[in-house]
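Single-structure report; data block below.
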Amino acid sequence: MAIIITDECINCGACEPECPNNAIYEGGDEWRFSDGTSIKGTFTSKSGLTANANEPQEPVSDDVYYIVADKCTECVGFHDEPQCAAVCPVDCCVDDDNWRESEEELVIKKDTLHLV
């Protein structure tokens, strides 16, 4: 599964630098598949979104920090737990019940985002 940031977010930004996939963005900021990853050219995500990796995508939220589910690996392959949740002072980085992935799927996603 991916992690989401709830609207209890106080916009402190503690989570953003902790994400090894650059999946966390400030509310209102556009995001790109290429941000913090090795993805180049045209890319199709697990959710089916096809885009140029450098093409800006619409923000998921305009008000609070947000996590791009197509880039979130719950820190699998990097850390023992999601770092956003570990550093959040108000516990608003929580499991997204609408986006479920197995550990194997998360490893594959991590390997796709960070080609060796």
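Computed from the coordinates by the stated procedures, all read-outs in this text should not be read as laboratory data. The model shown is predicted, which means the values in this text are computed figures rather than measured ones. All Cβ positions, even for glycine, are placed from backbone atoms using ideal geometry, and neighbour counts span all protein chains on display.
Would you mention how many residues in region 58-78 are over 15 Å from N22 (Cβ atoms) and either touching a helix residue (DSSP H, G or I) at 6+ places or on another chain (Cβ under 8 Å) or hydroxyl-bearing (S, T, Y) (or both)?
2
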Listed residues E74, E81, E101; which is assigned to a loop (DSSP other than H, G, I, E, B), of a type in the set (D, E) and within 13 Å of the chain's Cα centre (by Cα)?
E74
Pick from I39, I67: which is surrounded by 14 or more Cβ atoms within 10 Å (Cβ to Cβ), touching a Leu at 6+ places or on another chain (Cβ under 9 Å) and under 14 Å from K109 (Cβ atoms)?
I39
All-but-one check, S61 against (1) surrounded by 14 or more Cβ atoms within 10 Å (Cβ to Cβ); (2) of a type in the set (G, A, S); (3) free of Cβ contacts under 8 Å to residues at least 40 places away in the same chain, failing number (3)
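In the set C92, C84, which member is within 21 Å of L113 (Cα to Cα), buried (at least 18 other Cβ atoms within 10 Å of the Cβ) and in contact with a strand residue (DSSP E or B) (Cβ under 8 Å, 6 or more places away or on another chain)?
Only one candidate qualifies: C84.
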So which residues in region 2-19 are among the hydrophobic types (A, V, I, L, M, F, W, C) and either in a helix (DSSP H, G or I) or surrounded by 14 or more Cβ atoms within 10 Å (Cβ to Cβ) (or both), if there are any at all?
A2, I3, I4, I5, C9, A14, C15, C19
Test: residue in region 70-84 that is without any contact (Cβ under 8 Å) to a residue 24 or more places away in the chain and at positive phi:
no
The one condition N52 fails out of (1) over 18 Å from T6 (Cα atoms); (2) among the polar types (S, T, N, Q); (3) loosely packed, with under 12 Cβ neighbours inside 10 Å is (3)
Counting just the residues of region 20-61 that are of a type in the set (A, V, I, L, M) and not in a strand (DSSP E or B), which one comes out nearest to the chain's Cα centre (by Cα)?
A23
